[in-house]
């Protein structure tokens, strides 16, 4: 049996100390991913430090008018929160589009951000995988990869990031707050996930031993007019093939603010800045929406068996923006 | 009215008798049953698709806590290399006999320890090295190793002058269809507990027919079949994957003998995917020629499937072509391609499900080319007698299924042109498909004792894998004995009861019902004498007419409505209706549940299920439910299943089996509906979004707006 120690803490400092003092110690929140990976032999922590009793379980108003999501707030609680639903509807929709009710009741804000890829080669220790064992190779790049990355991958790894929640958070410029033994810190989500490069095992810019304490959603009027659309291989309970979180603010016929992020296409949630630039400042016509989608996916490099995802990403950007534009039009006319 | 003053139980909707046990968690499955002095075996499987084991280094594993030992080809007892299974010789059953690996997932060792956790940890510490050899998993009906399939199920059809009829046809459809490797995915993973006592092998095993498994185990271990005792009281689904003698019971029995104590082998979900059988991939060429008015002239169905060189197997895809429609010329061919794949085993309407997808798609394509109603085309070509054998059908209520289904589904309002119905961005379509599923009974024995207290102990080696067989057989016994169901004590799931059909081939319940009815008849003659207890036993083997004058089938017509978003490729089934002619129905509640379950299985096959293998290593990539998608609740729409009045004359009570027919027609009905919605014919399953998405669709929809 692979024995491991388990310890529950009530103080952030204790949790940080425990992880710093013990080799192979890891934080445990909802456990919906790490426990599976332990069973599969992908993760073998010597110690789990349970952080669910830390005082990080609240959703609070930020001074600037945004929201602060505590790290151990469950995914279900975020999705059901009245302020989230009113001010950031795409976030609520994204969470509800992921996993199952049972999993969402356990999974937390911080854990969701840190979940690992669902690439089948990553979760099977008998396969080569640079993300699991650096330098061992990538089985997926010439293997079964019909649901792998189309953007920003390298020969070292073609896996995608599985989170739905992180996609609207990326679109809304969320900021990750963390605590270390040397003090607190912040990283914008846009810089939180590292590019694949040649070390796909290094996934985030979080300092070693740091504990995520909160995710801050800045105030953004545009986020109130947002939606999340997820396409997957069945109607429910599957990771995204491609997903889109988008928000659109049209004033006097011109796009004043637009946010677009994609899930399922890269090793991290993909902020579609090129599409945003192409749309901002002009009218939200079908033609301009189409051009914006094309501009964004022009950089896509499909693998042998996933070119359909390029088409899907383009179509989905168009579909979601078209719906948002129609909503703006109805509001204006109505 | 019987002596208990109650009406007949057969024909009445009654809930499962063990339903309360199951929903309260008190029905004991094999892994729940305690066993003193139990040791636990952890199966280790090959990670190469072809090659030889160079070495299994167990040094570290043996030093780990609780480990009793490791069984592999070097120390395992010898098993009978000539063992056979229902399809013929099966060299996959003798496990741990040599170093040769013919497929990835092949069991190569069993680590035995005091606890399952210790065994699992030690199994992870086993160092296995291989000399890999080139493998071949590239399935194609044109593969150089292709050979005719076994003709155990009878010769393929060849009537009339096929080429002449094709030449004389106004329209000829000639298309190729593909279905992928699939995995059964029963809820309960395979598990067995085995022990030896005085030269007798005992096992609790999750299987679909303990008597049949006991015979194979006796042959495999070269012992008298009387010395093998296997029980399978509650089984959490099988879908065919537990019709074969599984790795879990073979390895548990070997280890129990070696370590001289009871051993349990419980597979993980991943191991179930890797090592317990699959539906093989198929490639099927269908040629159909028809006159301009839709009358069929020629039918040619050539189906090929993959199998393992280790074991004979038949995926009998050609049944529909020889049964469903009349045509002057009908030819069927069945080919097998040996590859380095997990040996397949029967799955959810074997043959009929993939065969019906290909054949009923092709029939739909004939209607498409002729621009006529595909339902009318099917009605136009109904045979009076079997189109190949010329024998009459014992009962054939397919036309009633079509007509009643069409009425309920609203088929008359259908515009038969494709891609004409839109709802916003969605394309909407409907489709239909028919099935003829071969029916009959297998030999089974029953024993009934009239007890002194007025109850009846009924023993029959049936298995209830979740279908409701137990409940159905109690009703059959009650009516046959003329008493209320509360006076029946039914004992099933035990090889010691005697020969019995397993829960497979859609024949388990019908076969065992036949045995119960015949035994009750014999017993009632003895009841004149008031002495109790009194017992009667009947084995139906001599009573079965293997050469009946009439062909015996069950029938269905399945109707489907789908929506397709061409911009994303998402296909959703909105409505499914199946009308079934399955003889006299024993329990409409449970029968409907079984058929609805089957239709959901067909939906899953149509849209989701696909085992994916790594193109380089041949290993299964989709060895969990995150990778192997079965339909989720959100994919399952309003599903209706109902019956037309039917009675099977070959059965003393009018029964026919209905275990699998629900599966068989659904994929074709959905594929035909997707064509009707989109105008694109999908000849490869599953109809996944990557196959359906249309590059220009986003620019195509009328909902596009401008708010300039």
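Figures for the structure shown
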{"quantity": "Candidate set from segment A:294-314 (those that are at the interface with another protein chain (Cβ under 9 Å from one of its Cβ atoms) and in contact with a strand residue (DSSP E or B) (Cβ under 9 Å, 6 or more places away or on another chain)); member that is nearest to residue A:260 (Cα to Cα)", "calculated": "A:312"}
{"quantity": "Residues within segment A:167-198 that are in a loop (DSSP other than H, G, I, E, B) and over 22 Å from residue A:56 (Cα atoms), tallied", "calculated": "5"}
{"quantity": "Checking residue B:510 against (1) within 28 Å of residue B:398 (Cα to Cα); (2) touching a helix residue (DSSP H, G or I) at 6+ places or on another chain (Cβ under 7 Å), the condition it does not meet", "calculated": "(2)"}
{"quantity": "Candidates B:191, B:216, B:244, B:228, filtered to the one that is closer than 26 Å to residue B:667 by Cα and touching a strand residue (DSSP E or B) at 6+ places or on another chain (Cβ under 7 Å)", "calculated": "B:244"}
{"quantity": "Selected residue (criterion: farthest from residue B:9 (Cα to Cα)) from residues of segment B:493-505 that are buried (at least 24 other Cβ atoms within 10 Å of the Cβ) and in contact with a helix residue (DSSP H, G or I) (Cβ under 8 Å, 6 or more places away or on another chain)", "calculated": "B:495"}
{"quantity": "Within segment A:85-166, helices (runs of 4 or more DSSP H) holding 1 or more residues that are modelled with pLDDT of 95 or more, surrounded by 24 or more Cβ atoms within 10 Å (Cβ to Cβ) and within 16 Å of the chain's Cα centre (by Cα)", "calculated": "A:89-96, A:109-114"}
{"quantity": "Yes/no for residue B:31 being touching a residue at least 60 places away in the same chain (Cβ under 8 Å), away from chain A (no Cβ under 14 Å) and part of a loop (DSSP other than H, G, I, E, B)", "calculated": "no"}
{"quantity": "Counted residues, segment A:249-291 - those being more than 19 Å from residue A:152 (Cβ to Cβ) and within 14 Å of chain B (Cβ to nearest Cβ)", "calculated": "21"}
{"quantity": "Test: residue in segment B:579-596 that is surrounded by fewer than 24 Cβ atoms within 10 Å (Cβ to Cβ), within 14 Å of chain A (Cβ to nearest Cβ) and not in a loop (DSSP other than H, G, I, E, B)", "calculated": "no"}
{"quantity": "Entirely in segment A:254-334, the helices (runs of 4 or more DSSP H) that have 2 or more residues that are more than 25 Å from residue B:694 (Cα to Cα)", "calculated": "A:273-279, A:308-333"}
{"quantity": "Qualifying residue in segment B:364-374 (condition: within 21 Å of residue B:582 (Cβ to Cβ), touching a helix residue (DSSP H, G or I) at 6+ places or on another chain (Cβ under 7 Å) and assigned by TED's automatic domain parsing to the domain that holds residue B:680)", "calculated": "no"}
{"quantity": "Condition met for residue A:170 (buried (at least 22 other Cβ atoms within 10 Å of the Cβ) and within 14 Å of chain B (Cβ to nearest Cβ))", "calculated": "no"}
{"quantity": "Residue within segment B:123-133 that is within 14 Å of another protein chain (Cβ to nearest Cβ) and under 16 Å from residue B:247 (Cβ atoms) present", "calculated": "yes"}
{"quantity": "Single condition residue A:234 does not satisfy, out of (1) surrounded by fewer than 24 Cβ atoms within 10 Å (Cβ to Cβ); (2) in contact (Cβ under 8 Å) with a residue 24 or more places away in the chain; (3) facing another protein chain (nearest Cβ under 8 Å); (4) over 16 Å from residue B:567 (Cβ atoms)", "calculated": "(2)"}
{"quantity": "Checking residue B:251 against (1) buried (at least 24 other Cβ atoms within 10 Å of the Cβ); (2) free of Cβ contacts under 8 Å to residues at least 12 places away in the same chain, the condition it does not meet", "calculated": "(2)"}
{"quantity": "Matching option when the condition is touching a helix residue (DSSP H, G or I) at 6+ places or on another chain (Cβ under 8 Å) and more than 14 Å from chain A (Cβ to nearest Cβ), among B:643, B:625", "calculated": "B:643"}
{"quantity": "Filter pass, residue B:169 being assigned to a loop (DSSP other than H, G, I, E, B), farther than 27 Å from residue B:277 by Cβ and away from every other protein chain (no Cβ under 14 Å)", "calculated": "yes"}
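The values are calculated or read from the model by the stated rules, or taken from the named source; none is laboratory data. Since we're looking at a predicted model, the values are computed, not measured. As a convention, Cβ positions derive from the backbone with ideal geometry for all residues, glycine included, and neighbour counts pool all protein chains shown.
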